[in-house]
Amino acid sequence: MRAARAYQRVDQNTSVMAADPVGLILLLHDKLVQRINEALRSIESGDIAGRGEAVGKAIDLIEKGLLASLDMERGGEVALQCKRQYRTWIALILKASIESDSDVLALVAAQVREIAESWKQAKAVVVGSGT
């Protein structure tokens, strides 16, 4: 079990080091969906500690990853909209955790996947144009 975790950490670290900025944003979105899904499973199984851990990790990903990566000076209105969305996700995740509301968590997960898909499409356009 310990070896599998070590391999997973090496694989994750390699993915992060090899990723471009958009790739890092996509990794953060993927991890966020994973954490939200963990919280959902914990709500369904009644695992309060597991729910708290998953919610804490999800919020850390938003605060220390997504929010921290915003360049408010150069990002302009897009950065401001992202900041608002990320803060809304934090509020919704906390509300869902407190109320054991799996519907709200599912909604946030769907929104995260939708935003990630937009990033993927934007990356494909940039890569396709040779820029």
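The values are calculated or read from the model by the stated rules, or taken from the named source; none is laboratory data. Computed from a predicted structure; not experimentally measured. Note that each Cβ is placed from the backbone with ideal geometry, even for glycine, and that neighbours are counted across all protein chains shown.
From the residues in segment 120-130 that are of a type outside the set (S, T, N, Q) and surrounded by fewer than 16 Cβ atoms within 10 Å (Cβ to Cβ), which one is modelled with the lowest pLDDT?
Within segment 120-130, the first condition is being of a type outside the set (S, T, N, Q), and the residues that meet it are 120, 122-128, 130.
Next cut, surrounded by fewer than 16 Cβ atoms within 10 Å (Cβ to Cβ) only: 120, 122, 124-128, 130.
Numbers: LYS120: 91, ALA122: 85, ALA124: 83, VAL125: 82, VAL126: 73, VAL127: 69, GLY128: 69, GLY130: 60.
Filtering segment 120-130 for residues that are of a type outside the set (S, T, N, Q) and surrounded by fewer than 16 Cβ atoms within 10 Å (Cβ to Cβ), the one modelled with the lowest pLDDT comes out as GLY130.
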Test set (1) in a helix (DSSP H, G or I); (2) surrounded by 15 or more Cβ atoms within 10 Å (Cβ to Cβ) - LEU70 fails condition number:
(1)
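Here is a list: ALA110, ALA106. Which entry is surrounded by fewer than 16 Cβ atoms within 10 Å (Cβ to Cβ) and free of Cβ contacts under 8 Å to residues at least 12 places away in the same chain? Spell out the reasoning first.
Details: ALA106 fails: free of Cβ contacts under 8 Å to residues at least 12 places away in the same chain.
From the options ALA110, ALA106, the qualifying one is ALA110.
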